[in-house]
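Novice: Take a look at this one; I'll ask things after.
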Amino acid sequence: MTCQEYQRQIVLSLYEELHEGERSGLETHLSECAGCRQAYEEHHDFCNTLAEDKSAWDFPSDLLVESRRALANDLDALEKRRSWWRIPTFSVVFTPMRMLESATLIALGLACGVYISNRQVSPSSAPAGFDAPVALSTVPQNGRVSNVRIVSADASTATVEFTGDVVQPLRFTGLLEDDTTRRLLFSAVQDSMNPGSRAQAVEVLARQSSEPPVKQVLIHALLNDQSLNVRLKAFEGLKPFAADEDVRTAFIQALMNDPNDGVRVAVVDALAPITKDEAEMASRIEAVTRNDDNTYVRLKGQGLMQMVGTQK
Amino acid sequence: MEAVLRRAEQAAYDTDEEKLLIEQAQNGNREAFEELVRKHDRDILRLAFHMLGNREEAREVFQETFLKAFRSLNRFRFESSFYTWIYRIATNVSLDHLRKRQTLREEISYESDTETNPDRPALKDTLAATTYYSNPERRLYGREIGERIQEALKTLSEKERLVFELRHYQGLRLRMIGEIMGSTEETAKNYLFRATQKLRAQLGKV
């Protein structure tokens, strides 16, 4: 190999990209060739200089929050546009026509079930005190019956007793302050299967976050929801009330426990303006952020202490 | 930085947990997809930010990358790691942006040749003004050496820049970089060598 070829190996060796044999070959050559040894030293210094600049290359911490939020909005919009049968997994197996056929069969089956239960279920025979079931004299035509269990079947009287669940499609329009609307929104926030629905519900509730029950739901979502999008939306709803004791406590908890840097950055930014005159609060935030993985959060915590002039 | 490199090395291999997440996401589970995004989004944003040099375009690349992944996740067949796959999308999107920017520069440069108003700022100055050197965080760490390196990086070809970025700043192995580029480890080695030679020539003894 020529010295020219060893130059290439010098670069690769500094990136630890040489195979064992190549490395020992290079080492032998370096021990014999002063020119290449000098080139190695120069490359080594050059790589060290580049390495010094690495820390300056991190992206601004708020850019991650901003990008994640924008992506979540895009995904929401994309999901809204997609009809559920067009989800790729389904589209291979289920064409709209097949879905229509299946739906017709299911509807027929349900209609038969409803017809049979209408004839045989006695309203008075529903068991009392069993998770507060409602005794039905009939099953709604558009109700979906599930978890059906036969409690008893009396051959002598030809009577069968069932328990189960009936789920009915729901369409409701109401004012935000109405109890039913609130109840439905609170249910949507707890829908563990659907983060999109939770995010929408939190967004709607955030318009009334000054009201204590709504605020509590948003605090719960901020501290417990698995979805980042939901937590960020809950945070946005609570942000105007950062000075309230309960919101402030929730923010501190989020600062301590939220796994996402974006949430912690947003929270510490929201706490900063209300902390400027409160030494105790600044000290608390500094203590919480002292060991944070995120540099921005740590610096912000220290900055608050300096601002209130309590840092020793 | 060491943490970044360690994470890059770990993330390069699909764990059982990640496989499960991918399968769930392929079945339309949005939360699983978001979990996958969270696992890789810092690396992708870092790549986009370094390659494009300004936050607006970096955010666009970030969004485009994950939206493309979301739309085509069903075509992911576990033939490469998810990490390689998502990086491949991100590098292609980043290169597209760089090319678009180049085209725009050429168009405006032609226009400014015929421009009679000497007060109008050149596009390159406008673009430079939006780089991360002009943002507060970058200014905080801003050092002369960083600016010189950035200038030197501009002299590299797209591929040289990409390989240097992925190896030097993102800590990926050249074998994986070859895969991401749809090429070989040997080709990636050549690009890395050429990139460092050019940078040394540009920077001299810094």
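Novice: Check B:K154 against each of (1) surrounded by 15 or more Cβ atoms within 10 Å (Cβ to Cβ); (2) away from chain A (no Cβ under 11 Å); (3) at pLDDT below 90 and name the one condition it does not meet.
Specialist: (1)
Novice: Okay, next question. Looking only at segment A:205-219, how many residues end up being buried (at least 16 other Cβ atoms within 10 Å of the Cβ) and at pLDDT 85 or above?
Specialist: 7
Novice: Related question: Of the residues B:E79, B:E23, B:E18, B:E60, which is in a helix (DSSP H, G or I), surrounded by fewer than 21 Cβ atoms within 10 Å (Cβ to Cβ), at pLDDT below 90 and not small (G, A, S)?
Specialist: B:E18
Novice: Somewhere in segment B:82-89, is a residue modelled with pLDDT under 65 and closer than 25 Å to B:K154 by Cα?
Specialist: No, that holds for no residue.
Novice: Tell me, please, whether a residue that is within 21 Å of A:F59 (Cβ to Cβ), charged (D, E, K, R) and at pLDDT below 90 can be found in segment A:269-288.
Specialist: Yes, because at least one residue in segment A:269-288 is within 21 Å of A:F59 (Cβ to Cβ), charged (D, E, K, R) and at pLDDT below 90.
Novice: Then there is this: Give the residue that is modelled with the lowest pLDDT, with candidates limited to residues of segment A:1-17 that are farther than 14 Å from A:C47 by Cα, more than 8 Å from every other protein chain (Cβ to nearest Cβ) and part of a loop (DSSP other than H, G, I, E, B).
Specialist: By that ranking, first place goes to A:M1.
Novice: If you take the residues in segment B:172-206 that are charged (D, E, K, R), touching a residue at least 40 places away in the same chain (Cβ under 8 Å) and within 21 Å of B:I86 (Cα to Cα), which one is farthest from the other protein chains (Cβ to nearest Cβ)?
Specialist: Ranking the candidates gives B:E179 first.
Novice: If you don't mind, another one. Kindly indicate whether B:R99 is within 12 Å of another protein chain (Cβ to nearest Cβ), part of a helix (DSSP H, G or I) and of a type in the set (K, R).
Specialist: no
Novice: Can I ask one more? Helices (runs of 4 or more DSSP H) wholly in segment A:246-312 with at least 2 residues that are among the small types (G, A, S) and crowded, with 19+ Cβ neighbours inside 10 Å - which ones?
Specialist: Ranges flagged: A:261-275.
Novice: Confirm whether A:S55 is within 11 Å of chain B (Cβ to nearest Cβ), at pLDDT below 85 and exposed (fewer than 15 other Cβ atoms within 10 Å of the Cβ).
Specialist: Yes, satisfied.
Novice: Taking the options B:L36, B:L67, B:L52, B:L73, name whichever one is within 9 Å of another protein chain (Cβ to nearest Cβ) and crowded, with 18+ Cβ neighbours inside 10 Å.
Specialist: B:L73
Novice: Return the residues of segment A:170-204 that are hydrophobic (A, V, I, L, M, F, W, C), away from chain B (no Cβ under 14 Å) and either loosely packed, with under 12 Cβ neighbours inside 10 Å or in a helix (DSSP H, G or I) (or both); say none if nothing qualifies.
Specialist: A:L170, A:F172, A:L175, A:L184, A:L185, A:F186, A:A188, A:V189, A:A201, A:V202, A:V204
The values are calculated or read from the model by the stated rules, or taken from the named source; none is laboratory data. Bear in mind the structure is a predicted one, so any value in this text is a computation, not a measurement. With ideal geometry, Cβ positions are generated from the backbone for all residues, glycine too; neighbour counts draw on all protein chains shown.
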